[in-house]
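One structure below.
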Amino acid sequence: MPTILGQNQYGKAENRVVKITRDGDTHHIKDLNVSVALSGDLDDVHYNGSNANCLPTDTTKNTCFAFAKEYGIESAEQYGIHLARHFVDSQPSIHRARIRIEEYSWERIGGSDSNAKFIGADEVKHSFVRKGQETRLAQITYSAEGEGGAKFEVLSGLKDLTVMNSTNSEFWGYIKDKYTTLQEDYDRILATSLSTWWRHNWTSDEQRMPSWERSYEQAKKHILHAFVETYSLSLQQTLYQMGSRVINNRSEIDEIRFSAPNKHHFRQDLSPFGLDNEAKDGAVYYAADRPYGLIEATILRDGVEPKIPVDMTNL
């Protein structure tokens, strides 16, 4: 039976690009994990092994490092836009480029209280410790195909942002059948490790480009503020409030998708030891790592069609 070629792409995955910028004695770090995926007029390389239209993956790797040096890394999004545009516009056979980036954050280590410093140094400004809060994400897709000419799609996001409310959360009134053992809880811990992507409505150079660094910082701020300020009756309710806060406060963002594994904390039964263990008295909990509830949702600006693939966040 004859076969035909379906969707295909290729590139160099997980290029670990670290750029140090020196501003006098003060250093700045951009630490990225960059994956390149290219697609286009590539039938011949699959059907008969002709590499005439194939840009080597090693070249894509070299380009990632060269662009970091030549143009710097203002933000993960800006760097990805620059790369994606280059691969499509410089190679007639490449019609679409997707750049996916993880960014690892560092914070500066200050000097000790004793003010001990290296000999000859006025102040230490080049020492860092890896931040442990979350990993920043970006995905930039640039396509020369379609109506209206070349278009960008810029997704930003984060993963592994673990948050907890030790009260102001309840869970009750749910369906109960013969298999239900979960007890209703009117004062529970709500904890989750958030993974989320949000889509910007900037698609071309004809529009005003957002400030990518500020946009990320503000989106994260609104997510956290909504988590803090929502009296939660379900994790679904909290996700909707977080997404709505972002959409309503950031005009450059049209869509946001969350994946939120519930980090369950169950009050330990201490009655065999004659001990009460009520939340109002300051309880002791068992932190269960699995299985866990996995709550996912997309929140959209009214009138906007969803474009973030559901499998970018789900298990």
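The values are calculated or read from the model by the stated rules, or taken from the named source; none is laboratory data. Everything numeric in this text was worked out from a predicted model, so none of it was measured. Using ideal geometry, Cβ is built from the backbone for each residue, glycine included, and neighbour counts are taken over all protein chains shown. Calculation scope for accessible area: heavy atoms of the full protein, side chains included, ligands and nucleic acids excluded. Shrake-Rupley method; radii C 1.70, N 1.55, O 1.52, S 1.80 Å.
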- Task: Just flag the GluC sites (Glu not before Pro) in segment 160-238 sitting in loop per DSSP whose Cβ has no more than 14 other Cβ atoms within 10 Å.
- Result: E184, E206
- Select from the chain the helices, each a whole stretch of DSSP H, whose alpha-carbon atoms run 18 Å or more along the helix axis and whose Kyte-Doolittle mean is at least -0.5; answer none if there are none. 76-90, 235-249
- Task: Residues in segment 217-245, backbone N under 14 Å from the label point at R301 (7 Å along the Cα-to-beta-carbon vector): list them, ranges by number please.
- Result: 244-245
- Gaussian network model of the chain, springs between alpha carbon atoms under 10 Å - residue of W172, W202, W106 with greatest fluctuation: W172
- Task: Express the accessible area of the chain per residue in Å², computed with a 1.4 Å probe while the remaining protein chains stay in the model.
- Result: 58
- For segment 21-95, listing GluC sites (Glu not before Pro) in a DSSP loop whose Cβ sees at most 16 other Cβ atoms within 10 Å gives E74
- Item | Highest-fluctuation residue, G173, G243, G293 considered, GNM on the chain with Cα pairs under 10 Å | G173
- Quick one: pull the percent of accessible area on the chain belonging to carbon and sulfur, 1.4 Å probe, ligands and nucleic acids left out. 48
- Query: Could you work out the helix-only [θ] at 222 nm for the chain, with each DSSP H run of four or more residues adding -39,500 (n - 2.57) and the total divided by the number of residues, to the nearest 500 deg cm²/dmol?
  - Reply: -7000 deg cm²/dmol
- Message: Running a GNM on the chain with Cα contacts under 10 Å, which residue among D187, D25, D89 ends up with the highest mean-square fluctuation?
- Response: D25
- Query: Given the alpha-carbon gyration tensor of the chain, what are the semi-axes of its equivalent ellipsoid in whole angstrom, ordered largest first, with each equal to the square root of 5 times an eigenvalue?
  - Reply: 41, 29, 19
- Semi-axes of the equivalent ellipsoid for segment 47-112, Cα gyration tensor, largest first, Å: 32, 12, 10
- Name the trypsin sites (Lys or Arg not before Pro) in segment 134-208 that are in a loop by DSSP and that have at most 12 other C-beta atoms within 10 Å, would you? K176, K178, R208
- Note on the structure: Taking a straight Cα-to-Cα line shorter than 24 Å from K30, and setting aside same-chain lysines fewer than 8 residues away, one finds K12, K19, K61, K69, K125, K131, K159, K220, K221
- Starting at the first residue of segment 26-43, write each ³J(HN,Hα) from the Karplus equation 6.51 cos²θ - 1.76 cosθ + 1.60 with θ = phi - 60°, in whole Hz, x for Gly and Pro. 8, 9, 10, 10, 10, 10, 10, 10, 10, 10, 10, 10, 10, 9, x, 7, 10, 4
- Query: When only C-alpha pairs under 8 Å and at least 6 residues apart count, what is the relative contact order of the chain, in percent?
  - Reply: 12
- Note on the structure: For H27, the net charge from surrounding residues (Cβ-Cβ under 10 Å; K, R +1; D, E -1) works out to +1
